[in-house]
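Rule-based calculations on the coordinates, nothing more; no lab input. Computed from a prediction, not measured in an experiment: that's the story for all the values here. Backbone-built Cβ (ideal geometry, glycine too); neighbour counts: all protein chains shown.
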Amino acid sequence: MSVNRFEITALLICATPDVRVAETVSGRRVTVIIDIRENRATETAAAARSVIDRRRAATAAGPTLLRIGRPDDDFGQDAIGRLVALRPDGFVLSGCGGLADVQRLDVMLRVAEAEQGIESGSTVVLAEVGQRPEFFLSGQSLKGVSDRLKAIVFDGAGLMHATASQAVNTPAARAGAPLLLARAAAIIKARQADLPCYDLLPENLPQDDDPQTVRDIALADGFSGVIARNAAQLAALASG
């Protein structure tokens, strides 16, 4: 899939390779993000390849991306090259801290595409922010940083872990301050760069939280949509 034809669908899910996701849900195409951050073993790569190949063969399937950590000495050019060889539509860069991280991955992808004989620039990037709070405090704009960059993903769970904060400040009867600030910053920075911004749902929503209601709140806040974390959340989002 070339950059010019890449299009994120309204329904998105982020899950490990063992979670089977249908090509369509309620007749609607789905963007699938395969989470391989925690396990890059051979069997995980094989499972990811199986998902990518199956979805590529299905005419109704939406884009398929791989969720990875920041490329560094432990996850460098060779690893990126092996993942690009799987032919995903792109990567979700988890733990993105800003401009330098996107640029570093852009260069690595350019090298890997050349080695694999893939059209230059055809592998897209979504920057997932939250695990590194410095992203929200930086004045750097992501506008024009890379033609590959297609969206911002906000990881609220990662932000709360990084700041040792809670989703809800119970005594104040409101959302936690770090979460409020970071959500707003993610949306503003995305709009500044003319990019959509998606809210990554937690794997386990509070019992009283309905995925459709959470999505409606996110849309009202300025997000472009939400990303489900399991089949039940995806089905609920597809039904409304």
For the stretch 47-53, 3J(HN,Hα) per residue [Karplus equation, 6.51 cos²θ - 1.76 cosθ + 1.60, θ = phi - 60°, Hz, x = Gly/Pro]: 5, 5, 4, 4, 5, 4, 5
What does DSSP give for the stretch 3-239 in terms of the percent of beta bridges that are antiparallel, rounded to the nearest 5? 10
Sequence order, the stretch 134-141: Karplus ³J(HN,Hα) from phi using 6.51 cos²θ - 1.76 cosθ + 1.60, θ = phi - 60°, Hz rounded, Gly and Pro as x, gives 4, 4, 6, 9, 7, x, 5, 8
Only four residue types carry charge here, +1 at the Cβ of Lys and Arg and -1 at the Cβ of Asp and Glu. Report the dipole size of the stretch 1-131 about the Cα centre in Debye, rounded to the nearest 20. 500
Return the long-range amide H neighbours of L195 (sequence gap of 5 or more, or a different chain), with a cut-off of under 5 Å between placed amide H atoms. none
For A232 and A172 in one chain, what is 0.36 nm times their gap in residues minus the Cα-Cα distance, to one decimal in nm? 18.4 nm
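Summing Lys, Arg as +1 and Asp, Glu as -1, what charge do residues with Cβ under 12 Å from the Cβ of S138 carry, S138 excluded?
0
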At a Förster radius of 45 Å, what calculated FRET efficiency corresponds to the Cβ-Cβ distance of E7 and Q207, to the nearest 0.05? 0.85
Would you mind putting 87-96, 55-64 in packing order, based on average other-beta-carbon counts within 10 Å, highest first? 87-96, 55-64
Mean ellipticity per residue at 222 nm, deg cm²/dmol - from DSSP H runs of n ≥ 4 across the chain, formula -39500 (n - 2.57): -11500 deg cm²/dmol
Per residue of the stretch 21-34, what does 6.51 cos²θ - 1.76 cosθ + 1.60 with θ = phi - 60° give for ³J(HN,Hα)? Whole Hz please, x for Gly and Pro, Karplus curve as stated. 10, 5, 5, 9, 10, 6, x, 10, 5, 10, 8, 10, 10, 8
Between (1) 17.2, 57; (2) 20.2, 74; (3) 22.8, 63, which entry matches Rg and Dmax of the Cα atoms in Å as derived from the coordinates of this structure? (1)
Proxy reagent accessibility, fewest Cβ within 10 Å first, across K150, K143, K189: K143, K150, K189
Surrounding net charge for T163, when Lys and Arg each add one and Asp and Glu each subtract one, Cβ distance under 14 Å: 0
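Most exposed first by the Cβ proxy, i.e. fewest other Cβ within 10 Å, how do E203, E23 rank?
The order, fewest Cβ neighbours first, is E203, E23.
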